[in-house]
Every structure is written in structure tokens, then in C-alpha cells.
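Participant: Take this structure, written in C-alpha cells, and hold onto it; I'll ask about it next.
The values are calculated or read from the model by the stated rules, or taken from the named source; none is laboratory data. None of these values were measured; they are calculated from a predicted model. Glycine also receives a Cβ, built like all others from the backbone with ideal geometry; neighbour counts cover every protein chain displayed. Surface accessibility is based on the protein's heavy atoms, side chains included, excluding ligands, DNA and RNA. Shrake-Rupley method; radii C 1.70, N 1.55, O 1.52, S 1.80 Å.
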Amino acid sequence: MTTFRYSPASLRRCLRNTCLAFLAASSGLLTHIPAAATTTHEQDLSSNWAFRLLPDDPASTKYVKAAQWHAAQVPGHVHTDLLAHRLIADPYAGDAEAGLQWIGNAAWEYKLEFDLDEKNLNARHQDLVFEGIDTFADIYLNGKKIATTDNAFRRWVIPAKTLLKKRQNEIKLILHSPIQRLLPQVQAMPIKLAGNYPSPFGDEPRDAMTGNFARKPGYHYGWDWGPRYVTAGIWRAVKITSYDDILLQDFHIQQDKLNAEAADLQARLAIQSDQDTTVELEVHISDPDGKQIMSRSMRTGVKKGYNQLSLPIKLDNPRRWYPHGMGEQALYGFDLSLKRNKQLISRVKKRTGLRQVELRHDKDQWGQSFGFVINGVPVFAKGANLIPFDMFPNRVKPEQMRAILQSARDANMNMLRLWGGGYYESDAFYDMADELGLMLWQDFMFGGGVVPGYDKKFRENVVAEAKDQLLRLRTHPSIVLWCGNNEEETAWKDWGIGKKLTEENPIFAEHVWTGYVALFGKDLREQVARYGAGVPYWSSSPSNDLAGKANDSNSGDKHYWDVWAGSQAVESYLSETPRFMSEFGLQAWPVQRTVDAFAARSEQKIDGPLIRAHQKFLAGEGNQRLLLYIRANYHEPKTFADFIYLSQLMQAEGIEMASLHHRSSMPRTMGSLYWQLNDVWPGASWSSVDYFGHWKALHFHARRFFAPLTVAALHDKGVTRLSALSDLQQEQNLQWRLRIMDVNGKVLRDETLPLRLPANSTKELAQIKDTDLPPQTDTKTTYVVAELIREGKSIARSIAYLQPSKFMQLPDPGLEVTIVAEADHYRLDLHAKRLARAVWLDFGEHQHDLSDNALTLLPGEHISLRLDSTQNLTTLRDSLHIRHLAELQSTQP
């Protein structure tokens, strides 16, 4: 079974700034703090479940052992339960995928026997609560069917008082295959709706895909970066909630007014009462350092039924929450006690940050802007798109999530877009983002394909889902946008889906589009306005919020896939200047030891069957697209190790080019989010951090090109453009240096000039035409170096090459390396006699963590890196492998 591996240094990064208090002070759905005197009780039902393949399912004749009862993990998934009992092969190892498709086409049974806790026994109300069921389930309690479910993203609260007993209660769930449940209905449609990725295994016809009709994670049906595992299970917590006559249903902090001088807040409560009565509220407020600074209390009457209460709170000189790089991530604590006649009914803790968020979407000289403003300050969004961390969410541990999020912060990112084909993340995830200062663009869970928005029941189901998630997540300051869907509007308008459907049946096409507008233009917008705590709403990405073109460079946000999907040259990035780039990307393979985790070295061939099984783009043909981009600028890979190295170099340099162009185009462009940050399994993808948490070359580059203060040197069409870029909130007085050099260190031009760089700005420094270069310039050996200098020290560098790498004449760099032991780590010293382009340091199978990698050293340059590893010095010295671009040049015919 695959496991995550983290080095001591990466775990140290992961735990830096960790606040363990979020476990008790979660800002998600109400979690009542246990107290002996409370009248609201919760009994966890996560233990002692059993599962089996439903005995009358057709698959039971072949998979006999699966049809026997086995212990189950809840929260969990069918696939992981089967794996735990060795009833299936590891879904990630080798080419197991095809042989496991029967699981998603079968029906499963889960059961639990339990006794009712004494605290719950005599309560007037007893509710059975499922925080998440994936997806189509019939629920039985003590032999009686009490509910059916059809949405993995909803919370199911089922009154159970009349059926629960003191002893020997039984809960049973029948989980139906979403494919088998929906396929007959989809096949019966006279005109089909376009789906996403057709199954390569024949369990669904290509024209009758069921995924866009199911409210479950879309990526389970397969994507171009992950396998197809249509799993099922009780994937969130299960509990009994009991109370007498008063239930605290919701508690959140509403921000009415906020500035540097004061915060006008309200503690808002929703209470359900069986009678007219009087309650007491008490709220204790703690500052971001954990010190209690204020208490507020109120005694008020409540009516029988549903009540909304509000307790005003005013804070002077509040410490506001800011994204990473702009200020502190100040988080206040709010400890609520609800009492009646001095008896504690409920006690709940919440944590939130105080911040204002605006999505600026104004008409201007270019079209219509798209940019985020936090606490009155425009923010250039730097980051990536986040996909699920695993095919099976219950396998994701908090430390793994934190390591990936910490990697984003360490790469100077301030925003992640939670893509709509996955699932709404756990409370712990959003707590981490709050702490780390990572703004979150949160999609509703629509990853693509045409959805039946014309169906009233479907829309009502989605609205209920949206309400559940908004109530759970609205206290998180990290969430700065709710977006209706991923790519559904542009698919209709730009990909020919709407046109094709209109040609087939214009009346039905209009019906489908009207339903789309109702769901994403009205229903979800209204839910966000009502429950979203002031966070903006955007109907689709990319779009201009239903106005005109869906994927326009001059208005709204942009997905740009002409490079990669459209096979255009990577240099085309420099001709695309959007208002906000929310998707663009290039693929690469993960590091060698990640590939080794699922494929033996003998099987690692560019077109080998096992490698193709872990390359999901173009159904396994994606390596040919990778070769297209490698061959355009680099030399031909001779081995699979070459292929890994060159794919990562191509990805890193291409995304760096695009991101620096986006930053240089501020304020026209106000965001650059590449696709994608992470992986769902080990394989080829667009990620910068692989499934095991290893950084690809791109992530090391991202730390440099997303630095708050940096420089861009971009060469295109015979001109090198130099720009200084700053996200800092203070003016910078610096110097900038221009050098034109050759690969052996000869300096053809060297100038240093003063630079005053305004706060939060970009400034063009120079444009250098190739025709204006010194007469002795040979573009095959010459490059342009731009640097920012503070107090005599270089703090940022960018290099522009005048020819594609494959045409350059790179000498052996004459690298010299030493590794020495220091107090609690090693130091690696590296020296280059000549230009050392794209240096990659690796220690094979041995665990290690380097402070930097994917480096270019100028002639004569010396650098020192921190190296953390559990290996001894001799092992590290012997296993060190250094790659650089010149060695591939020397192997070419």
C-alpha cells in the first residue's frame, strides 16, 4: 500500500506555525465541546462497522470473499476497506486500475451494532447524523428504512427518537452503484448531455456518462491526471446528537463594519426551541495571542420554533487577517455558552479572522477587471489550482495536508483555487489555510460537463448542498470567492457543446441553458448572498459572470490551454495577457523515486504499458505531447531518467515564463494560478508537488518567481524585456544590475543603476533588442542576466537566453561539490567554473531535503545549501547524482 514520505526538514516546514488549538476551536459546523452539565450530547459512531459486497449483487459470484462480512473503517471508502483486508491489489501500484472497475459497479452493505450512551438515553430528541455519505444509500435503523441519500456533499440529519433503544441498535446502509443507479435514466434520454472523460473500461457508453448527473466527486470517474475509481462509502463522521427542548443549530461571527480603528461584529445564533422560554448567552473573546480580552452576555427570550439571536461585539484597533506576504494571519477566538436557568445547554468555540474582501470587476480601458482587494489593498494572486489529495479522502492525514499547504506558502503563494471536480475539504484544511494566509478560491463541486439544471429536484438538491457547505465554512477568512463551477459556461459557449445541442434540438438546448442560468446565475448566487458572510460569488471559471464571452482575455478570468492542449509553442504565453489567469499549465513526470514506487526500472519506458497507465492525458498518449514540448527547446531524451529531468525543466521554465509575464503585466493582470499544485496519485501530471510531497523543479522555480520582490527577464521575438516586481507594501530603494555574459564567464556589458520601486507595483527597467547587443555577441553562447541588489547583495535574479537550449553551446560547467556535517544538518557547497544551467541534485532512493534545487549557477559562482537527511555523510556523498543541461548536449549525435 502506498504511503506518504516526508523528510525531517519537510515535516519541520509542515509544523512551523502550527496551531494545535484548531482541533478544539474548529470554525466548521457546530461541534459541541463535551461538558458533564450540558443538555446537548454527541455520541460518536465511527467504530465497529462491518461491510460486505451485497450478496445478491451479480459480482458476488466472482468475488466470494468480498461478500463476507469484514471490519470497516468509518469514515472510509469501499476501496480502502477492501485493500485493508487484502481483497484487492493496491489501486496505485502497477496497472491495477482496469481490474478494480467492478467495485464501482457493485452494491455494498455497511452495518453497525451499538448501545445508546446513558447521556443520550432520556433526551427528548435523538438525531442520527451523517456528515457525508458517498452517495446513493438506503439507511435502515433497527430494521426500518428511515432515509435515502443522493448527495455526497450534504449533511443528513435523521430524527431517530422513536426507533432507538438502550441496547443492540443496528444501523444498516445499502450503498448503490452510482453508475448502475443512473445509467438506465441517462441511456433513456433521447438527447444526451455531454460528460467529461469517458470510461476506458466499457462500463459506460461514451455518449451516456453518468458523472455529471451524480452529486459526488467528479474526479472519481477519472480525469486526465488520475485514475477511475468510482468509490462509495460513509466518508464523513457519524454520530447521535441528543438534546431536550433547545438546540443550538448555528453560531457564527458576522462582520458588519471593519477598519483599522474598529470592528463592529455580531455573534449570530440559530436556536430551535420546543417552547417559549428565556436563555442566557455568554461570549468570551480571545485575541490572536490567545489572551481573553472581552466578554459579552445577554439574557433574552426565545419563541417556540426557529429563532435567530444576535449579540453585538465591538473591538477597538482590531488586528486584521491578511494573506501571506501582506501582514499577519490574526485569528480571534469566540467561546460561546448557551444556558437556561444557569444550566449549560451548549458550549461552542469558533475561530475567525477579521478581514474585508472585494472582487473588483470594474470597466476600464482594457475591458472589465478581475482582482481581489483585501482590507482595501489590491492583491496580485500568486498560486496554483488544488485538486484532491487522494482518490480516497479518508487516507489523507492532517500532516500530509499541512505539508502540501506549507509547500504552497514556502513557494510564496498567497492563493489556491479549490477546483470543482473534487470535494469540499475538511474543517482541518480550512483551519490550516487560515493559519498560513492562503486565500482560497472555492468552487462549488461542478468539474465540467453539462448538468441537468433544468431539473427542479436536481437544483433543490444542489441548493441544500450549498447551504450545508456555506454554513460550515463561512467563518473562514481564507475563503475569498465562491465560484459556481469549473468550465461549464466556456464548454457551452466556446467548445461547441451548446452549438451541437442547438443543432440537434433547439428547444431542448434552450431548456438546458435556461436551467444552467437558473442554477449558477440565480440559485447559488442567492445562497452565497444569504449564507456566505459577504464573500463574493462568480458563476463559472473561466467567465465574465455570464456576460458575453466566457473565456475572454480582456474581461473576467481566463483558462489558457492553447499551450499544451492546443500544442502551441510555450513562447505563446508571452502573447496572452489576461485580466486574471486562473488556469494554465505544462505537464512533467514526478521525481525518480516517485516513479520507482509504482514501476520497476525495467518497466520505465516512455511508451511502456505501465508508464502509459500512469499517464492519463490523451488516454495514455500524453508522453507524445511531452516530447513535442521537450523537442521544441531541448535535446532528445535518451533514457527515461532524461525524460523525467527534461520534462521537469520544460515545465519549470515554461510556467516561470508565463508567471513572470503575468506579474509584469500588473495592474492589467491581477492573478496567476498555474495548474496544478498537487497530485491525487503517483503519475505524470501538471503538478509542482508530487503525490508523496516531493517538489518538482517547478516548485523550486515558483519560490523564486513568486517571491515578493523579484525581477523578470523575458526574451521574445528578438527583444529582452526587463521588469522589477514587488508585492511589498512599502516602497523599495534598491539597485538593479544588467549583465550580458557568455557561458564561459566573459562579460560583454555590466551596468548597475538605482531603482526606486513603489509599493505593490511593477516597473519596466529596459528593453534590449538582439540587434543592439554588443557586436561580438554569439546568441548560441550569450545570455542576459538581470538582478535586484540591496546593500550590495543580490536578492533576485532572472536570466534570459537568446536561443532555445538545443541550439546553445553549453560547455561542461566544471561543477565542484562538497558535503560537510554541521550541528543538526549537512551543508552542500557547489561551485561552477562555467555556466551551469538547470542543475538538479539528487540522492537516489535516500530520503533527503534540500533548501534549494533546480538551480542555474553563473560562471565562478559559489552557493551553499542546507541538506537534511537521516543518512550518514558517506552514504550521501556516494549517492549524490548531479544533472545539468550540458551533459545532455554532450550525448547528442
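Participant: Identify the single condition in (1) open to solvent by 20 Å² or more (accessible area, probe 1.4 Å); (2) touching a strand residue (DSSP E or B) at 6+ places or on another chain (Cβ under 8 Å) that Pro198 does not satisfy, given that it satisfies every other one.
Facilitator: Only one criterion is unmet by Pro198, namely (2).
Participant: Also, quick follow-up: Name the single residue, out of those in region 298-319 being of a type in the set (D, E, K, R) and in a strand (DSSP E or B), that is farthest from the chain's Cα centre (by Cα). Lay out the reasoning, then the answer.
Facilitator: Restricting attention to region 298-319, the residues satisfying the condition of being of a type in the set (D, E, K, R) are 299, 303-304, 314, 316, 319.
If we keep only those that are in a strand (DSSP E or B) too, we end up with 299, 314, 316.
Numbers: Arg299: 43, Lys314: 35, Asp316: 35 Å.
So, considering only residues that are of a type in the set (D, E, K, R) and in a strand (DSSP E or B), the one farthest from the chain's Cα centre (by Cα) is Arg299.
Participant: Quick one: count up the residues across region 716-733 that are assigned to a strand (DSSP E or B), open to solvent by 40 Å² or more (accessible area, probe 1.4 Å) and not polar (S, T, N, Q).
Facilitator: Counting residues in region 716-733 that are assigned to a strand (DSSP E or B), open to solvent by 40 Å² or more (accessible area, probe 1.4 Å) and not polar (S, T, N, Q) gives 1.
Participant: Looking only at helices (runs of 4 or more DSSP H) that fall completely inside region 441-545, which ones have 1 or more residues that are open to solvent by 10 Å² or more (accessible area, probe 1.4 Å) and more than 22 Å from Met581 (Cβ to Cβ)?
Facilitator: Of the helices (runs of 4 or more DSSP H) lying wholly inside region 441-545, those with at least 1 residues that are open to solvent by 10 Å² or more (accessible area, probe 1.4 Å) and more than 22 Å from Met581 (Cβ to Cβ) span 456-473, 497-504, 506-516, 524-531.
Participant: In region 736-758, which residue that is part of a strand (DSSP E or B) and of a type in the set (Lys, Arg) is most open to solvent (accessible area, probe 1.4 Å)?
Facilitator: Here the answer is Arg756.
Participant: Only one residue in Gly376, Gly367, Gly327 is closer than 14 Å to Gly437 by Cα, of a type in the set (Gly, Ala, Ser) and open to solvent by 20 Å² or more (accessible area, probe 1.4 Å). Which one?
Facilitator: Going through Gly376, Gly367, Gly327 in turn, the sole match is Gly327.
Participant: When the residues of region 841-893 are filtered to those that are assigned to a loop (DSSP other than H, G, I, E, B) and among the small types (Gly, Ala, Ser), which remaining residue is surrounded by the most Cβ atoms within 10 Å (Cβ to Cβ)?
Facilitator: My answer is Ala854.
Participant: Applying the selection to region 320-352, what residues are among the polar types (S, T, N, Q) and part of a strand (DSSP E or B)?
Facilitator: Gln329, Ser337, Gln343, Ser346, Thr352
Participant: Tell me, which residue of region 802-835 that is assigned to a strand (DSSP E or B) and touching a helix residue (DSSP H, G or I) at 6+ places or on another chain (Cβ under 7 Å) is most open to solvent (accessible area, probe 1.4 Å)?
Facilitator: Among those that are assigned to a strand (DSSP E or B) and touching a helix residue (DSSP H, G or I) at 6+ places or on another chain (Cβ under 7 Å), it is Ala821.
Participant: Moving to a separate point now. So which of Val230, Val279 ends up being closer than 30 Å to Val78 by Cβ, aliphatic (A, V, I, L, M) and either modelled with pLDDT under 95 or touching a Lys or Arg at 6+ places or on another chain (Cβ under 9 Å) (or both)?
Facilitator: After applying the criteria, what remains is Val230.
Participant: If you don't mind, there's one more thing I want to ask. With the condition kept exactly as written, say whether any residue in region 396-410 is in a loop (DSSP other than H, G, I, E, B) and under 28 Å from Asp134 (Cα atoms).
Facilitator: Yes - at least one qualifying residue is present in region 396-410.
Participant: Where residues in region 550-572 are part of a helix (DSSP H, G or I) and of a type outside the set (Val, Ile, Thr), which of them is most open to solvent (accessible area, probe 1.4 Å)? Reasoning before the result, please.
Facilitator: Residues of region 550-572 part of a helix (DSSP H, G or I): 570-572.
Restricting the remaining residues to those that are of a type outside the set (Val, Ile, Thr) gives 571-572.
Numbers: Glu571: 63, Ser572: 27 Å².
Among them, the one singled out is Glu571.
Participant: Residue by residue through region 399-427, note down the ones that are hydroxyl-bearing (Ser, Thr, Tyr) and over 20 Å from Thr475 (Cα atoms).
Facilitator: Quick first cut of region 399-427, residues hydroxyl-bearing (Ser, Thr, Tyr) only: 407, 423-424, 426.
Selection gives Ser407 alone.
Participant: Then there's this: Can you tell me which residue in region 254-297 is surrounded by the most Cβ atoms within 10 Å (Cβ to Cβ), limited to those that are outside any strand (DSSP E or B) and within 37 Å of the chain's Cα centre (by Cα)?
Facilitator: Filtering region 254-297 for residues that are outside any strand (DSSP E or B) and within 37 Å of the chain's Cα centre (by Cα), the one surrounded by the most Cβ atoms within 10 Å (Cβ to Cβ) comes out as Pro288.
Participant: If you take the residues of region 413-430 that are open to solvent by 10 Å² or more (accessible area, probe 1.4 Å) and not in a loop (DSSP other than H, G, I, E, B), which of them is farthest from Phe706 (Cα to Cα)?
Facilitator: Selected residue: Asp427.
Participant: Go through region 44-57 and give me each residue that's in a strand (DSSP E or B), in contact (Cβ under 8 Å) with a residue 60 or more places away in the chain and open to solvent by 10 Å² or more (accessible area, probe 1.4 Å).
Facilitator: Asp44, Ala50
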